[in-house]
Structure formats: C-alpha cells, structure tokens
Amino acid sequence: MTGSSEETENDDGYLAGQLLVAMPQMLDERFAKTVIYMCAHTEDGAMGLVVNKVMENIDFPDLLDQLSLSASPKGEDIRVHFGGPVESERGFVLHSSDYIQDGTMVIDKAIAMTATTDILRDIAEGEGPRNRILALGYAGWGPGQLDTEIQANGWLSVPADDNLVFNMDPKSVWQGALLKMGIDVSMLSGDAGHA
C-alpha cells in the first residue's frame, strides 16, 4: 500500500474505520463496484459491511415482522443493505456514535456498530441513532487475505465520512468514494499499479 498513513491507514497499519473501494476489475461479482466500511482489521483477519448495495427483496417493516417487533408512529424506516456474503441471515446496524449500548462496538469517534435486536426496536420506536444503515451479512477475510487482495489491486482505501456512509444515494457511493480520492473512473484500468 502506498500513501501516507493519515490518508489510507490507521496508525497501526490496519484499515478499521476506512472505506474499501472495489477496483473496476474486481472479479467477484458479489463485490463489483462495492464500498465496504471496515469495522475490524487485524493480523487475525478483517470484517466490514457493504454500504452501497440495497436489498430489493426485503424492507425494514418486513424484517420487524419476522422478528416479532412492531414500529411505533414515531418510528423511522431504514434501508436494508446487502452487508456481505458471510452470515447473510445476521443483521448489523452501522451507526453514528450518538447511540451506544451493551454490545455496541465503537469503531472510531464517529461510527459504531451494534448487532442486537434492541437497536432495531429503538429505531422502530424513533429512539435509535441519528445516522444508521442496516446490513444483512458481512464481508470477512482470514489472516492476511485482505492484504493480499489489496496488493493485487483489488481494493483501494479512503477515509470514511458520514456523507459517503450514511447520506449519499447508495448508487452514487462507489463513484463518490473514487472522486474523494481524486480518481476519475474512466482513468482506471485492470492494470493499475503495474509498470
């Protein structure tokens, strides 16, 4: 990986709290043009949530029904995202750090993740975090696997920001993340980084 540690990595060299942006030549269709918020990245492996692929076949009210939860009139809706291919029946809420409870994993000063039904109940009652996305499943890598994919030009990383993670139309997030890095999509090729 190149670039200053401030721009692309945490001080420890890992990417927790960053966005992974799939390169155009990504061969795995599940990750084509994806942007993944990295929740954890250590020598033992990595875990992240896709933030720009909305599921078309399920919505929040359906999910609440399946969990025998009900929404109050103050309740808010939330898009359901494809978080990744691992444990696709499991839900994770990536959210602003204004909401912390037992079981919340604080990733950085602005973003946390909670994987309990309590947060879904709170969102349904209008008491949840200010910013949030619900993801079913996650993206996971074994020890060294993500590093190998990055070195093979499969991914770029960029600092996360609320706009890319929570506010932008999911269909625009991939291009928005590339633009944040100053990259014109038309200038990328499958041979990026090779002489």
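The values are calculated or read from the model by the stated rules, or taken from the named source; none is laboratory data. Treat the numbers as computed from the prediction; the structure is a model and nothing was measured. All Cβ positions, glycine included, derive from the backbone under ideal geometry; neighbour counts span all protein chains shown.
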Report task. For residues that are of a type outside the set (Gly, Ala, Ser) and modelled with pLDDT under 95, scanning just segment 88-97, find the one that is surrounded by the fewest Cβ atoms within 10 Å (Cβ to Cβ). Result -> GLU89
Query - Residue satisfying condition, being surrounded by fewer than 19 Cβ atoms within 10 Å (Cβ to Cβ) and assigned to a strand (DSSP E or B), within set GLY140, GLY182 - result: GLY140
Query raised in the report: Quick one: would you say ALA112 is at pLDDT 95 or above, among the small types (Gly, Ala, Ser) and in contact with a His (Cβ under 8 Å, 6 or more places away or on another chain)?
Result: yes
**Report entry** Residues (at pLDDT 95 or above and part of a loop (DSSP other than H, G, I, E, B)) located in segment 45-77
**Finding:** VAL51, ASN52, LYS53
Report summary line: Those residues of segment 138-164 which are among the aliphatic types (A, V, I, L, M) and either closer than 16 Å to ALA40 by Cβ or free of Cβ contacts under 8 Å to residues at least 40 places away in the same chain (or both) amount to ALA139, LEU146, ILE150, ALA152, ALA160
Report summary line: The strands (runs of 3 or more DSSP E) lying wholly within segment 80-135 that contain at least 2 residues that are within 15 Å of the chain's Cα centre (by Cα) and in contact (Cβ under 8 Å) with a residue 12 or more places away in the chain are 80-82, 86-96, 111-114
Report summary line: The correct count of residues that are among the aliphatic types (A, V, I, L, M), crowded, with 24+ Cβ neighbours inside 10 Å and farther than 13 Å from LEU146 by Cα in segment 36-58 is 3
Report task. Could you please give the count of residues in segment 23-42 that are closer than 17 Å to SER157 by Cβ and in a loop (DSSP other than H, G, I, E, B)? Result -> 6
Report task. Out of VAL173, VAL158, report the one residue that is closer than 19 Å to PHE31 by Cβ, aliphatic (A, V, I, L, M) and outside any strand (DSSP E or B). Result -> VAL173
